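Here's the structure, in C-alpha cells; my notes come after.
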Amino acid sequence: MTATLSPAAPLSTPTVHSGSTGALWTGRVLSGLAVLFLAFDAIGKLVAPAQVVEGTVQLGYRASVLPGLAVVELVCLGLYLVPRTAVLGAVLWTGYLGGAVATHVRMDNPLFSHVLFPVYVAALLWGGLALRDERVRALSPLRASRS
C-alpha cells in the first residue's frame, strides 16, 4: 500500500505510515528505546545524584549546568513525542547529541563506547521516525530510485 502526499496535505494528519505493520512497530520500538534513554538522562540531570554531578564535572562542565541541560533535553523530548513536531525534535536532538560527541572527542574517550554512543542514540531517533513516517523516509538518500 502506498500513500500519496500532496503539497497541500492537511496538517491535522502529521504522521503518515504506509509501510507494513511490522515496520511501524519496529519504528515505535526504536523510538521508544531512544526516548526511554533520553528521558532517564534528563531526569538524572534534574535530580542530580552524586554520580551524575561527578560525571558532569569529569567531562569538564560545572554542576550548575545540569538543570539547564535537563530543560533543553525535556523540550527536545517533548517536541519529538508530538507527531506534528517530531522532525523538529529529531533535528534538535541531533544538534544536542553532536555536542555530546564533541565533548567525548575533547576528553579523548574511547571511540565505540563513548564518542559514538550519541550517534547510536540519534540513529535510533531517526530510524524510528523514518519507519513511522513516510515523509521522513522520502527525504532519505537511501531510498530506491524511481525510473
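Summary of computed values
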{"read-out": "Matching entry among Gly68, Gly78 (being more than 20 Å from Gly128 (Cα to Cα), part of a helix (DSSP H, G or I) and under 19 Å from the mean Cα position of the chain (by Cα))", "value": "Gly68"}
{"read-out": "Filtered residue count, the stretch 22-58, keeping only those that are under 25 Å from Gly89 (Cα atoms) and in contact with a helix residue (DSSP H, G or I) (Cβ under 7 Å, 6 or more places away or on another chain)", "value": "21"}
{"read-out": "Out of Leu97, Leu88, sole residue that is part of a helix (DSSP H, G or I) and surrounded by 18 or more Cβ atoms within 10 Å (Cβ to Cβ)", "value": "Leu97"}
{"read-out": "Condition met for Ser113 (closer than 30 Å to Leu24 by Cβ, surrounded by fewer than 11 Cβ atoms within 10 Å (Cβ to Cβ) and of a type outside the set (Val, Ile, Thr))", "value": "no"}
{"read-out": "Conditions (1) in contact (Cβ under 8 Å) with a residue 60 or more places away in the chain; (2) touching a Cys at 6+ places or on another chain (Cβ under 9 Å); number of the one not met by Gly89", "value": "(1)"}
{"read-out": "Looking only at the stretch 32-63, and only at residues there that are aliphatic (A, V, I, L, M) and farther than 26 Å from Leu124 by Cα, the one that is surrounded by the most Cβ atoms within 10 Å (Cβ to Cβ)", "value": "Val53"}
{"read-out": "Hits in the stretch 66-75 - residues which are surrounded by 13 or more Cβ atoms within 10 Å (Cβ to Cβ) and over 18 Å from Gly89 (Cβ atoms)", "value": "Leu66"}
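Each row is one residue, and each column tells you yes or no for (1) touching a Pro at 6+ places or on another chain (Cβ under 9 Å); (2) over 15 Å from Phe37 (Cα atoms).
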| site | (1), (2) |
| --- | --- |
| Val65 | no, yes |
| Cys76 | no, no |
| Leu92 | no, yes |
| Val101 | yes, yes |
| Arg106 | no, yes |
| Phe112 | no, yes |
| Ala123 | no, no |
| Pro141 | no, yes |
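Yes/no matrix, rows are residues, columns are (1) among the small types (Gly, Ala, Ser); (2) assigned to a helix (DSSP H, G or I); (3) more than 25 Å from Arg84 (Cβ to Cβ):
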position: Asp108; (1), (2), (3): no, no, yes
position: Ser113; (1), (2), (3): yes, yes, yes
position: Val121; (1), (2), (3): no, yes, no
position: Gly128; (1), (2), (3): yes, yes, no
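The numbers here are math on the coordinates, done by the rules we state, and not lab data. Everything quoted here is computed from the prediction, not taken from an experiment. All Cβ positions, glycine included, derive from the backbone under ideal geometry; neighbour counts span all protein chains shown.
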